[in-house]
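Engineer: Let me begin by handing over the structure; questions about it come next.
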Amino acid sequence: MISAADIFKQNSPWEPQIQQILQLEGLRRAQFRFDVQVFESQKSALDDIGKAFSSMQTAMNSITDEIDSPFETMKASATSDAINIVSTDDSAKIGNMDIEVGQVARRDTQTSAAMDMEATSFSGGTISMDLQIGDDTITISVDTAGLNNDEVLEKISEEINSQEDLGVSASRIQVSDTESALSIKSEETGLVNKITIDNFQDDNGESLDLENTLSLISRFADNELDAEFMIDGVSMTRSSNRIENAVDGLTFDIIGETTGEEGISVTRDTSSGRDAIESFIKSFNELNSELRENTRINAETGEMGILNRERSLRNLSMTMRQSVILPVDGNTLADLGIEMAQDGTLSLDDSDKLESLLTEEPGTVDNFFNHEDFGIAQNLKNSVETSLSGNYSLLDTLEERFDTQIDRTNTRIERENVYLERHEESLRAEFNQLQQIIDNGEDQWNQIMNFQSSLGF
């Protein structure tokens, strides 16, 4: 439905004047709306600074990790595919060693003789046996009544597999169209996990002929179950193919036998240290860039960043640069191959110099970043991290201030909306009244002119 106000807007000759007045009166509201946009942009800039700071924190935490230092990392390699390096920790010693694998560790396997599947070689009642794997023993019982050999073997394997945490598994194997067999295998390798079966008897407790009935045969002899290898001429045996304690700090898997002596080499892993430093440089530059970009003041052009009035943030950029340029025990950034540009940007200009230090003097690099009194990481923690992290940090304080300003300004905008709505109504009423006066005046004038015309004037 069209209101009277809408009709007035369409027909009133004063509409341009009304709109011009409202536009002038609305300048205050427009300024408030612009202020809110500025506050929101300032909050967004704070968020970008916070994200860049978090990235630098992550990079610094990697550098300052006392348990898993990136500067003391070792790596190992083997010359044979028969040996797979699993891990190398900081206790490993740099050097080379000879290794020869004579035998891998195996899982003990017991396999019965092939039995006629349809025959009934068992007593027809309940049979039982003691199955021992390592130090664990369990009794397996199976009712064989009405079952042929194949069905009995299937029930024995099911009963064995139903035992939790026994460390052994079983399966019925079909050898041919008419014969099947029983296979029992330890889940772990080595002589300590050898399988032993005895006390084969019926439900009356009478012993049965285990050897002739099942004829279980070990696939491997006892001396074939453990891994056998030599390191630098020292013979060693292990029940597992994962070797964790033969060499300090080194864990490797034996995959197969070697045809002769092979080698294992332990060297310094410089990649983790270099990656940590490059990550630090990248995150440092990102935070420095965010601070400079958002707080810049160009005296020549008048161009300013969105947070140019926040002196505390502007000073923080300078603090960051001062925190990393100071020498530590006589060493500077340049000694690590790192240069700082005039705008505070770091770059790795001499990677060979850094690589040499990480290889030959990793402690020097670690000390440069982690010296308890003068290290770069400690300096940044004391300055930047103190300002930007934790409760009531600089970022939190500024964001809270901007939120308060946004709320207050939005309240002013609401008040202006109410005022402008009422003022528009008042203007329309006044101009409507004015138009009525003008219309009435025109009617009176027309009446006078008509009266004069009737008198012959």
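The values are calculated or read from the model by the stated rules, or taken from the named source; none is laboratory data. Because the structure is predicted, anything quoted here is derived from the model rather than measured. Methodologically, a virtual Cβ is constructed for each residue, glycine included, from the backbone with ideal geometry; neighbour enumeration extends over all protein chains shown. These area figures cover heavy atoms from the full protein model, side chains too; ligands, DNA and RNA do not enter into them. Shrake-Rupley method; radii C 1.70, N 1.55, O 1.52, S 1.80 Å.
Engineer: Suppose accessible area is computed on protein heavy atoms with a 1.4 Å probe; arrange R428, R415, R28 from highest to lowest. Write out the running numbers ahead of the final one.
Structural biologist: Working: R428 25, R415 160, R28 140 Å².
Order by accessible area, largest first: R415, R28, R428.
Engineer: Now a separate question. According to a simple spin-label model (label point 7 Å from Cα along Cα-to-Cβ), what is the distance in nm between E421 and R401?
Structural biologist: Placing both labels 7 Å along Cα→Cβ, they lie 3.5 nm apart.
Engineer: If you don't mind, there's one more thing I want to ask. Take the solvent-accessible surface of the protein heavy atoms, probe 1.4 Å, and return the percent of it on segment 215-321 that carbon and sulfur atoms account for.
Structural biologist: Values: 2390 of 5610 Å².
For segment 215-321, the apolar C and S fraction of the accessible surface comes to 43 percent.
Engineer: Sort out for me the Cα centre separation of segment 427-457 from segment 75-146, rounded to whole Å.
Structural biologist: Going from one Cα centre to the other spans 117 Å.
Engineer: If I ignore ligands, DNA and RNA and count only protein heavy atoms, how much of L357 is accessible to a 1.4 Å probe, in Å² to the nearest 10?
Structural biologist: Accessible area, nearest 10 Å²: 30 Å².
Engineer: Same structure, new question: Given 0.36 nm per residue, what is the gain on full extension from N331 to R311 after removing their alpha carbon distance, in nm?
Structural biologist: Details: separation 20, 0.36 × 20 = 7.20 nm, distance 3.16 nm.
Value of the extension gain: 4.0 nm.
Engineer: Now for a separate question. Determine by what factor the alpha-carbon radius of gyration of segment 122-268 differs from 2.2 N^0.38 Å, reporting the quotient. Walk me through the numbers before you get to the answer.
Structural biologist: Working: Rg = 20.2 Å, N = 147, 2.2 N^0.38 = 14.7 Å.
Ratio of Rg to 2.2 N^0.38 Å for segment 122-268: 1.38.
Engineer: Given a Förster distance of 30 Å, report the FRET efficiency between T345 and S41 from their Cβ-Cβ distance, rounded to the nearest 0.05.
Structural biologist: Details: r = 25 Å, r/R0 = 0.82.
Efficiency, rounded to the nearest 0.05: 0.75.
Engineer: With the cut-off at 1.5 for a/c, could you classify segment 328-391 from its C-alpha gyration tensor as rounded, prolate or oblate?
Structural biologist: Values: a/c = 2.58, a/b = 1.48, b/c = 1.74.
Verdict is oblate for segment 328-391.
Engineer: Can you give me the long-range amide H partners of L225? Hydrogens built in the peptide plane at 1.01 Å from N, cutoff under 5 Å, separation of 5 or more residues or another chain.
Structural biologist: The list, which skips near neighbours in sequence, is empty: none.
Engineer: Calculate the FRET efficiency for T126 and E66 from the Cβ-Cβ distance with a Förster distance of 60 Å, rounded to the nearest 0.05.
Structural biologist: Values: r = 63 Å, r/R0 = 1.04.
Calculated transfer efficiency: 0.45.
Engineer: Compute the length gained on full extension between R28 and E244: take 0.36 nm times their separation in residues and subtract their Cα-Cα distance, giving the result in nm to one decimal. Present the calculation step by step, with values, prior to reporting the outcome.
Structural biologist: Working: separation 216, 0.36 × 216 = 77.76 nm, distance 7.60 nm.
That works out to 70.2 nm of additional length.
Engineer: Still on this model: Using only protein heavy atoms and a 1.4 Å probe, report how much of D143 is accessible, in Å² to the nearest 10.
Structural biologist: Estimated to the nearest 10 Å², D143 gives 80 Å².
Engineer: I need the shape label for segment 70-148. Rule: rounded when a/c is under 1.5, else prolate if a/b > b/c, else oblate, with a, b, c from the alpha carbon gyration tensor. Intermediate values should be presented prior to the final figure.
Structural biologist: On the way: a/c = 5.08, a/b = 3.15, b/c = 1.61.
Since a/c reaches 1.5 and a/b is larger than b/c, the shape of segment 70-148 is classed as prolate.
Engineer: Where in the chain are the DSSP H helices whose alpha-carbon span along the long axis reaches 30 Å or more and whose Kyte-Doolittle mean is at least -1.0? Intermediate results must be reported in sequence, preceding the final value.
Structural biologist: On the way: long enough: 27-63 (54 Å, -0.29); 270-295 (38 Å, -0.87); 394-454 (88 Å, -1.16).
Membrane-span-like by this criterion, though nothing is claimed about a membrane: 27-63, 270-295.
Engineer: Please label the shape of the chain as rounded, prolate or oblate, based on the square roots a ≥ b ≥ c of the eigenvalues of the alpha-carbon gyration tensor (a/c under 1.5 means rounded; beyond that, a/b larger than b/c means prolate, else oblate).
Structural biologist: Numbers: a/c = 5.34, a/b = 1.98, b/c = 2.69.
Cα axes put the chain in the oblate bin.
Engineer: Segment 296-366 to segment 211-265: how many Å between their Cα centroids?
Structural biologist: 53 Å
Engineer: P(r) tail for segment 13-134, what percent of Cα pairs lie past 27 Å?
Structural biologist: 71 percent
Engineer: What relative contact order, as a whole-number percentage, does segment 363-447 give when Cα pairs under 8 Å and 6 or more residues apart are counted?
Structural biologist: On the way: 21 pairs, mean separation 7.0, N = 85.
Contact order relative to length: 8 percent.
Engineer: Whats the longest run of the chain with zero GluC sites (Glu not before Pro) that are DSSP loop and have at most 12 other Cβ atoms within 10 Å?
Structural biologist: 207-299
Engineer: Cα-Cα over 28 Å: which of K93/K353; K282/K353; K43/K381; K75/K185? Display every interim value, and only then the final one.
Structural biologist: Values: K93/K353 23 Å; K282/K353 19 Å; K43/K381 24 Å; K75/K185 36 Å.
Pairs exceeding the cut-off: K75/K185.
Engineer: Return the calculated 222 nm mean residue ellipticity for the chain, to the nearest 500 deg cm²/dmol, obtained by summing -39500 (n - 2.57) across DSSP H runs with n ≥ 4 and dividing by the residue count. Don't skip to the answer; put the middle values down first.
Structural biologist: Details: 11 runs with 199 residues, N = 457.
Helix contribution divided over all residues of the chain: -15000 deg cm²/dmol.
Engineer: Simple spin-label model, 7 Å along Cα-to-Cβ: N199 to E300 in nm?
Structural biologist: 9.6 nm
Engineer: Accessible area per residue, 1.4 Å probe, Å², for the chain: what's the number? Don't jump to the answer; show the numbers that get you there.
Structural biologist: Numbers: 25890 Å² over 457 residues.
With the other protein chains kept in place, the chain gives 57 Å² per residue.
Engineer: Moving to a separate point now. May I ask for the distance between the Cα centers of segment 162-203 and segment 381-400, given as a whole number of Å?
Structural biologist: Computed from Cα coordinates, the inter-centre distance equals 66 Å.
Engineer: Okay, next question. If R₀ is 41 angstrom, what is the calculated FRET efficiency for the pair S235 and S54, using the beta carbon separation as r and rounding to 0.05? Kindly include the intermediate steps, with their values, before the conclusion.
Structural biologist: Values: r = 54 Å, r/R0 = 1.31.
The calculated FRET efficiency here is 0.15.
Engineer: Shifting gears a bit: For V175, V38, V266, give me the order by solvent-accessible area with a 1.4 Å probe, most accessible first, ignoring ligands, DNA and RNA. Provide the component values of the computation, followed by the final result.
Structural biologist: Numbers: V175 85, V38 40, V266 5 Å².
Highest to lowest solvent-accessible surface, that is V175, V38, V266.
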